[in-house]
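The structure appears below as structure tokens.
What follows is calculated from the coordinates using simple rules that are stated; it is not laboratory data. All of these numbers come straight from a predicted model, not from anything done at the bench. Using ideal geometry, Cβ is built from the backbone for each residue, glycine included, and neighbour counts are taken over all protein chains shown.
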Amino acid sequence: MDISAVIITFNEAKRLEPALKSLQGLVSEIVVVDSHSSDETVRIARRYTDLVFERTWTNYADQKNFADSKASSPWILSLDADERVSPELRDEILAIKTGPGPSCAGFEIPRLVYYLGRWIRHSGWYPDRKIRLFRRDKARWEGDYVHEELVLDGARRALKFPIHHFTYDGIADHVARINKYSDLGAQKLYAGRVKCRLAHLVGWPVGRFLKSYIFKLGILDGFPGLVISVLNGYSIFLRFAKLREIWKKGEKIEPFSY
């Protein structure tokens, strides 16, 4: 089972090296596709691999498909720059590599987020299973806006141990990322001709908070769980508020309705 690791980057000098270190001894090669970073990202990547490509950003799915096309191994381990292969996951994958060839087309791997000083095991953030180890000829990334999705042609298996995810530097970074992605989310909704209703601005944000904090047990994650739950609701509100703004700029909009 020969594996290529694939990472796409843009200005990830602060977070990339631990991700690359976590792959050493696990994969046959590392492919990095960078979107013309202005920091030291490319220089850091070249310490660990010669397979570093610079490419103008298009979107997440297209960028990842291009990166996967540069891999030579039949299996791909897709990792983000803010993620690490945990020691336990490393051992789990090595055990698979030394056994008989897997009959499945891909593996789902849980992600465990470190946020505001603790590992988040509730709040709707865990286990957050994603297909990250897959046969190159059996998978393709799809999606035009915010969330790319891996479409797998074949069966999948679940791995037990997680990828460690260091997604936000703090609350300010979290809010800034919500602001960025809500722009893309609003554009996607507008492209689908979705209208903003009052329920989207009031009911849905409150519902998302309650789902995260109560039903997904965010309360057990302490202060970070409260922050996550509040910002989950805020992200819904911001996306639809921006959607209404787009409609207001582009066309005459109707009065609010539920």
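Think of the stretch 82-149 as having a plus end and a minus end, set by charges on the Cβ of Lys, Arg, Asp and Glu; of ALA139, TYR126, THR98, THR98 sits farthest toward the positive end of this dipole. If the limit is 28 Å between Cα atoms, which of LYS180/LYS216; LYS130/LYS195; LYS14/LYS188 go over it? Exceeds cut-off: LYS130/LYS195; LYS14/LYS188. Compared with the dominant principal axis of the Cα atoms in the chain, helix 171-191 is inclined by about 80°. Using Cα atoms only, what is the angle between the long axis of helix 60-69 and the major principal axis of the chain, expressed in degrees (0 to 90) to the nearest 10? Once rounded, the angle reads 10 degrees.
Helices in the chain, meaning DSSP H runs of at least 4 residues, each add -39500 (n - 2.57). Divided by all residues, the mean residue ellipticity at 222 nm is -12000 deg cm²/dmol. Applying the Karplus relation 6.51 cos²θ - 1.76 cosθ + 1.60 with θ = phi - 60° to the stretch 116-126 yields 3J(HN,Hα) values of 6, x, 8, 7, 9, 10, 9, 6, x, 9, 9 Hz, where x marks Gly and Pro. Taking Cα centre as origin and charging only the Cβ of basic (Lys, Arg, +1) and acidic (Asp, Glu, -1) residues, the dipole magnitude of the stretch 3-165 rounds to 540 debye.
The region of the chain that goes longest without hitting one of the trypsin sites (Lys or Arg not before Pro) in a DSSP loop, each with at most 11 other Cβ atoms within 10 Å, is 1-159. Within the stretch 56-120, the chymotrypsin sites (Phe, Trp or Tyr not before Pro) that combine a DSSP coil assignment with at most 13 other C-beta atoms in a 10 angstrom radius are TRP57. Across the chain, the relative contact order, built from alpha-carbon pairs under 8 Å that are at least six residues apart, equals 18 percent. Against the chain, whose longest principal axis is taken from its Cα atoms, helix 222-250 shows a tilt of about 60°.
With both residues required to sit in the chain, DSSP beta bridges show an antiparallel share near 45%.
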